[in-house]
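Below is one structure, written out as structure tokens; the observations come after it.
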Amino acid sequence: GQNIDQPTEMTATEGAIVQINCTYQTSGFNGLFWYQQHAGEAPTFLSYNVLDGLEEKGRFSSFLSRSKGYSYLLLKELQMKDSASYLCAVRGGSYIPTFGRGTSLIVHP
Amino acid sequence: DGGITQSPKYLFRKEGQNVTLSCEQNLNHDAMYWYRQDPGQGLRLIYYSQIVNDFQKGDIAEGYSVSREKKESFPLTVTSAQKNPTAFYLCASSIGTGIGKNIQYFGAGTRLSVL
């Protein structure tokens with residue numbers, strides 16, 4: 001089976017940088033996804049990591065360490081619209097992603 | 001525009017009633033999925049289908065049924081055997097399920113409540 005752990009809630013200030021961590025245990029590893037979900041809406045894809053290292057895409061970056069079972073999502077220059085849940089999903093040996101509980105990020109002025 | 005459509009947006013179920021949630025995609029994706037989301041919870045997999053006329057149980061399939069008669073459509077039936085059906089239901093699709101990104105694209109969801 002798989003076990004995915006993320007903090008339940010984080011708060012940050014507009015304009016700041018925030019790092020959302022995700023740790024996982026899985027039998028087989030075939031990639032890790034980050035999705036953003038605003039309240040009552042569909043999750044939308046942010047990033048995908050399958051090799052170790054940092055993937056940068058605009059204000060968002062995602063890092064993966066397979067040996068440590070660890071990933072983080074880094075959000076820079078925070079905006080109010082970044083207030084949302086951030087879901088970490090791991091694809092294990094079955095190739096079907098398993099989602100963590102999500103981290104609710106609150107950005108305040 | 002290509003996308004994935006769920007209907008209805010809100011649904012109410014009476015005790016002992018079966019209800020069906022619709023999911024249609026025009027992305028030409030082979031794989032489709034149904035997830036359930038409860039407050040403060042992540043997405044839990046109910047069923048998935050990798051190809052037409054084939055589907056597999058996910059982690060919480062009890063009390064649910066699906067069919068995949070067409071590539072575009074993957075309806076979910078919440079049966080009377082599901083004793084706690086109140087939740088937000090999300091349908092997703094991806095190109096496939098094997099090697100490669102296979103990003104999941106989600107519908108806007110159906111919120112099911114019990115009367």
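The values are calculated or read from the model by the stated rules, or taken from the named source; none is laboratory data. Values in this document were obtained by computation on a predicted structure and should not be read as measured data. As a convention, Cβ positions derive from the backbone with ideal geometry for all residues, glycine included, and neighbour counts pool all protein chains shown.
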*Could you tell me whether the stretch A:92-102 includes any residue that is more than 8 Å from every other protein chain (Cβ to nearest Cβ), crowded, with 18+ Cβ neighbours inside 10 Å and under 12 Å from the mean Cα position of the chain (by Cα)?*
no
*asked:* Given the criterion of a type in the set (Phe, Trp, Tyr), within 14 Å of chain A (Cβ to nearest Cβ) and within 15 Å of residue A:95 (Cβ to Cβ), identify the matching residue among B:105, B:10, B:48.
replied: B:48
*Given the conditions (1) within 11 Å of chain A (Cβ to nearest Cβ); (2) closer than 30 Å to residue A:51 by Cβ, and given that residue B:27 satisfies all but one, which numbered condition is not satisfied?*
(1)
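Listed here are the residues, each with its yes/no results for (1) in contact with a helix residue (DSSP H, G or I) (Cβ under 9 Å, 6 or more places away or on another chain); (2) among the hydroxyl-bearing types (Ser, Thr, Tyr); (3) modelled with pLDDT under 95.
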position: A:40; (1), (2), (3): no, no, yes
position: A:44; (1), (2), (3): no, yes, no
position: A:59; (1), (2), (3): yes, no, no
position: A:80; (1), (2), (3): no, no, no
position: A:87; (1), (2), (3): no, no, no
position: A:104; (1), (2), (3): no, yes, no
_I need a count of the residues in the stretch B:90-102 that are within 15 Å of residue B:47 (Cβ to Cβ) and either at the interface with chain A (Cβ under 7 Å from one of its Cβ atoms) or without any contact (Cβ under 8 Å) to a residue 40 or more places away in the chain (or both)._
2
